[in-house]
Each structure stands twice: as C-alpha cells, then as structure tokens.
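Worksheet for the structure shown next.
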Amino acid sequence: MIGYSFGGNRRNGQGKGAVKIKTTEIPERKLRVILALAIILESIFFIGFFTGVLSNLHVYIGAATGLVIGFVSLLISAYLLAKKSYGAISLCILFFSVLITFFTFVAYFLPEAGYPPPIRLFF
C-alpha cells in the first residue's frame, strides 16, 4: 500500500509541499504463496496436457485454460523477478509460462499442414 503526505516536515529538511511516499513491503510468506500458486497452475497445465484431459475439452475451453494459466504465470513470475526474490525459480516459471502461452497459441490459433486452425482469429 502506498500513502502520500503533502505537508512536509521542516525538521528533517523537507520543505513545504514536499511529497513523502510511504511503502510497505510484502512479507516473505505471501511471496512464497504467490510462487506456489504459479507452480500449481503450471503443474495443472502439464498434468492436463500429458494425461490428455486438455485434448478432450472443448476447443475454446482448452485454449482459454492454456492462455489464462500462461498469462497468470507470466505475470506472477514477472512480479517475483521485479521484487528480486526467488530469482532462479522465477526464471524457470517465466520460461515455462512463455512456453505454455506459445504452445497454446500455436496449437489452437495457427493452421498446420493445410488444415485450418481449430480457432480462427481472422475469417
């Protein structure tokens, strides 16, 4: 949470109208929960892919599942990298989230060997 105070404090050298920004850090425990969420999401995708559950879903549901898991994992890994916590694990999560998003896009939105794509973006 970020708070602003516009009064200024003349005792510590700030003049009238100076902006003082107060920030609070996210505790380490919450960062671990966020990291676990990304790992669980990617695990769900890989389990669904390798067991064939994703191929049995409707085309739009499978594509939405892959894209949502990929983008959420991507946002989480970018956030963890910005916070400079769990560097190597965050990079692995970033790599796999880009891989999931790219695979979902290729599998559902691009034609292959003369066959039309399952989901057409442009008619």
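The values are calculated or read from the model by the stated rules, or taken from the named source; none is laboratory data. Here the structure is a predicted model, which is why all the values come from computation and not from measurement. Only protein heavy atoms, including side chains, enter the accessible area calculation; ligands, DNA and RNA are left aside. Shrake-Rupley method; radii C 1.70, N 1.55, O 1.52, S 1.80 Å.
Taking θ = phi - 60°, what integer Hz values does the Karplus form 6.51 cos²θ - 1.76 cosθ + 1.60 yield along segment 112-118, in sequence order, with x for Gly and Pro?
Whole-Hz 3J(HN,Hα) from phi for segment 112-118: 9, 6, x, 8, x, x, x.
Could you run the Karplus curve 6.51 cos²θ - 1.76 cosθ + 1.60 with θ = phi - 60° over segment 83-90 and give me ³J(HN,Hα) per residue in whole Hz, x for Gly and Pro?
7, 6, 10, 6, x, 5, 5, 5
Under the 0.36 nm per residue contour assumption, what length would be gained going from the current alpha-carbon distance of Ile40 and Leu67 to full extension? If you can, show how the numbers build up before the last one.
Values: separation 27, 0.36 × 27 = 9.72 nm, distance 1.52 nm.
Going from the current span to full extension adds 8.2 nm.
Multiplying the sequence separation of Asn56 and Ile26 by 0.36 nm and subtracting their Cα-Cα distance, what value in nm do you get? Can you show the working numbers first?
Details: separation 30, 0.36 × 30 = 10.80 nm, distance 3.99 nm.
Fully extending the segment from Asn56 to Ile26 adds 6.8 nm.
What are the ³J(HN,Hα) values, in whole Hz, obtained from phi via the Karplus relation 6.51 cos²θ - 1.76 cosθ + 1.60 with θ = phi - 60°, for each residue of segment 95-104 in sequence order, with x given for Gly and Pro?
Working through the residues one at a time gives 4, 5, 5, 5, 4, 4, 5, 5, 4, 4 Hz.
Rolling a 1.4 Å sphere over the protein heavy atoms, what is the accessible area per residue of segment 29-120, to the nearest Å²? Present the calculation step by step, with values, prior to reporting the outcome.
On the way: 5880 Å² over 92 residues.
That works out to 64 Å² for each residue.
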